[in-house]
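The values are calculated or read from the model by the stated rules, or taken from the named source; none is laboratory data. Not measured: the values here are computed from a predicted model. Cβ placement follows ideal geometry from the backbone for every residue including glycine, while neighbour counts extend to all protein chains displayed.
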Amino acid sequence: MVQVPVTEKAEKPATGLRRRADAARNRARILEAAQDAFIEHGADVPLDEIARRAGIGNATVYRHFPDRRALVRGVVLEVMERAIGVAEQAYAEETDPFEALSRLVHDSVNWKIGALCTMLSEWTDLEEPEVFATKERLDTIARTIVGAAQAAGSMREDVGSDDVFMAVAQLVRPFPGAPYDSLQPFVHRHLQLLLDGLRAPARTPLPGSPQTLEDVRRECLLSRAARRICRQ
């Protein structure tokens with residue numbers, strides 16, 4: 001009977017762990033590079049450019065993400081997971097829920113969500129199970145923070161969580177042709193203006209009723225359908 005050296009037995013699990021760690025690092029580098037490239041050049045940026053930015057070979061990119069749509073989906077999930085983590089941590093640490101909301105709003109600049117949301121929504125099936133479930137988790141913690149701030153009396157009651165984050169998405173969207181990072185000081189000023197306007201008591205009644213992202217999505221679908229009919 002052939003005896004297998006003890007050292008060889010011990011090395012195999014370690015080698016597997018190293019490979020998994022390397023794969024996780026490569027995936028994170030790809031997603032970070034893809035997010036920056038999408039912001040600068042749009043979703044049509046060559047995948048070769050993303051591989052170059054990540055400092056890895058093209059084959060490694062395709063091993064993790066077989067096509068562009070899969071890569072965009074990966075960026076969407078990564079951004080939402082990051083937002084969930086920030087929101088949950090802020091809500092757990094802050095005694096004033098409005099301060100938790102403030103942390104979440106200002107941190108949104110780091111996700112670069114304003115530059116990504118419109119483009120990514122065109123490439124991502126928001127009804128796909130994992131994307132939908134992650135979005136629901138994000139919506140839930142956002143509603144929890146907004147509801148807690150309103151219950152505490154520190155936030156006006158005539159807005160919904162989707163009102164807040166639609167406004168945030170518009171404020172953090174970069175101007176065409178302007179480097180994203182160069183606008184961050186201005187963006188934080190504008191976000192603080194938004195937050196001050198959300199504080200209770202409300203000085204001016206808002207027109208209409210609180211809007212939801214589903215309302216916006218439905219209007220977009222109707223608009224696209226109308227354009228298709230007009231082209232026929």
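Matching residues to (1) assigned to a helix (DSSP H, G or I); (2) under 30 Å from Val146 (Cβ atoms); (3) of a type in the set (D, E, K, R); (4) modelled with pLDDT under 85:
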site	(1), (2), (3), (4)
Glu8	yes, no, yes, yes
Lys12	yes, no, yes, yes
Ile30	yes, no, no, no
Asp44	no, no, yes, no
Ile50	yes, no, no, no
Glu81	yes, yes, yes, no
Gln89	yes, yes, no, no
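Residue pairs whose Cβ atoms lie under 9 Å apart, sitting 6 or more positions apart in sequence or on different chains, and linking a residue in the range 41-54 that is touching a residue at least 40 places away in the same chain (Cβ under 8 Å) to a partner that is charged (D, E, K, R), are Ala43/Arg68; Ala43/Glu122.
Residues checked against (1) within 18 Å of the chain's Cα centre (by Cα); (2) modelled with pLDDT of 90 or more; (3) assigned to a loop (DSSP other than H, G, I, E, B); (4) closer than 15 Å to Ala87 by Cβ:
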position: Met119; (1), (2), (3), (4): yes, no, no, no
position: Thr134; (1), (2), (3), (4): yes, yes, no, yes
position: Asp139; (1), (2), (3), (4): yes, yes, no, yes
position: Gly147; (1), (2), (3), (4): no, yes, no, yes
position: Asp158; (1), (2), (3), (4): no, yes, yes, no
position: Pro179; (1), (2), (3), (4): no, no, yes, no
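Pairing each residue of the range 150-175 that is in the same structural domain as Thr140 (by TED's automatic domain parsing) with any residue that is assigned to a loop (DSSP other than H, G, I, E, B) and buried (at least 19 other Cβ atoms within 10 Å of the Cβ), provided the two are 6+ apart or on different chains, yields C-beta distances under 8 Å for Val172/Lys112.
Scanning the range 46-68 for residues that are within 16 Å of Thr124 (Cβ to Cβ) and buried (at least 19 other Cβ atoms within 10 Å of the Cβ) yields a single hit, Phe65.
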